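Everything on this sheet refers to the single structure shown next.
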Amino acid sequence: MSHALPSLSIVVEMENIRTVEPAVLGIVLDSLAAQLWPVMGRLARPPRLIFVHPGEAEANDEVLARIRQDGPSLRSLDIHAVAVPDGRYYEMKNAGAALAENEILIFADSDAPPEGDWLLQLLAAFEDPEIVAASGRTFLKHDDFLSRTLALTWIFPLEHGDEQEARQAFIWANNVAFRRDWFADAGGFPYDIGFKCSCSLLDQRLLDAGKTCIRVNARARHEPLRGLRFVAWRAGVTGRDDDRKYLLRKSGRRLKRVRYAIKRWNAMMWRTTRKVVTKRKLVNMPAREVPFALLLGWTFYTIAFANQLGRATGLSTEKVERIPEIFEPQ
């Protein structure tokens, strides 16, 4: 693709960076620079980069200084910092989108550096004027037993050898692009008290409008979840979110929600078993780790099931989902 490219803005949330190694931000910034500079002369106008953080507005200058320090290749670009005090993930993305200009709006995350021809893959989707959304392929980095297990069993498809799941995936808010006007007219990511429900709700808005989010081979490598306590928390909130999504998109009847929780648990237990046994070599998992990976995967989805069932039956207390402070660096 050698012709002119549409103008674009990239929004990067800075909530996730609080739960991974601080050095990851520098990797993400270098990756964005590697995507932008080779195509800079073909863009309709200079790109805008918007970094959204959950602090106070007084911290904007500090955030910009860190970005320029950790990502020196981006210093000369149009960079902005936006504060959303105590903001949640999708609130920060919407705040960044409000400051965006240009034709295409791209969302990336502070813990998921893009790879390969990520930017060109996303932009190529919009050569078709009917396309309003394109989602890339996010996969989990794996460098130890826990991350290898999660790469096989968690929400993302594998980097390779997982084409069916990759085609079926919904919107990944860490790797997705929209026509900016359509995103604004749709109201952005819908508000929900769940942790990761807004992607599903926006996907429903696309369907209601007779549109779809196409899948493209724009790859981003997501940092792994670190620590068993954090993984256990993510398992619980995954289950609660599964019930929220079913209630919002399918049915509010408790019996149907209970049945869905059981069906979901069975499906995920089978998926875990199948992928660990048949695809372990794709993540370099030695055979000796397989029994423990199965146990961990089954435990994850049993915790999710218990939380989904608890919410479906009305036994759990409803609350706004946030990353607990115990998982943030002190």
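Quick notes on this structure:
- When W298, W233, W270 are screened for being outside the structural domain of L207 (by TED's automatic domain parsing), at negative phi, part of a helix (DSSP H, G or I) and touching a Pro at 6+ places or on another chain (Cβ under 9 Å), only W233 passes.
- Inter-residue pairs, beta-carbon under 6 Å, first within 10 Å of R148 (Cα to Cα) and in region 271-299, second of a type outside the set (A, V, I, L, M, F, W, C) and modelled with pLDDT under 95, 6+ apart: L282/G161
- Verdict on I262 being loosely packed, with under 15 Cβ neighbours inside 10 Å, under 23 Å from the mean Cα position of the chain (by Cα) and at negative phi: no
- Within region 272-330, the residues that satisfy the criterion of being surrounded by 15 or more Cβ atoms within 10 Å (Cβ to Cβ) and among the acidic types (D, E) are E289, E321.
- With respect to the stated conditions, L202 fails to be assigned by TED's automatic domain parsing to the domain that holds A304 and in a helix (DSSP H, G or I).
For every residue, the table says whether it meets (1) surrounded by fewer than 21 Cβ atoms within 10 Å (Cβ to Cβ); (2) among the aliphatic types (A, V, I, L, M); (3) not in a strand (DSSP E or B).
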position: A98; (1), (2), (3): yes, yes, yes
position: F107; (1), (2), (3): no, no, no
position: D111; (1), (2), (3): no, no, yes
position: E130; (1), (2), (3): yes, no, yes
position: H142; (1), (2), (3): no, no, yes
position: T149; (1), (2), (3): no, no, yes
position: L158; (1), (2), (3): yes, yes, yes
position: A177; (1), (2), (3): no, yes, no
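Every residue, every condition in (1) hydrophobic (A, V, I, L, M, F, W, C); (2) in contact with a Ser or Thr (Cβ under 9 Å, 6 or more places away or on another chain); (3) free of Cβ contacts under 8 Å to residues at least 12 places away in the same chain, yes or no:
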position: A133; (1), (2), (3): yes, yes, no
position: D143; (1), (2), (3): no, no, no
position: R148; (1), (2), (3): no, no, no
position: L152; (1), (2), (3): yes, yes, no
position: E163; (1), (2), (3): no, no, yes
position: A173; (1), (2), (3): yes, yes, no
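The values are calculated or read from the model by the stated rules, or taken from the named source; none is laboratory data. Note that the structure is predicted; figures quoted are calculated from it, not measured. Neighbour counts run over all protein chains shown; Cβ positions are idealised from the backbone, glycine included.
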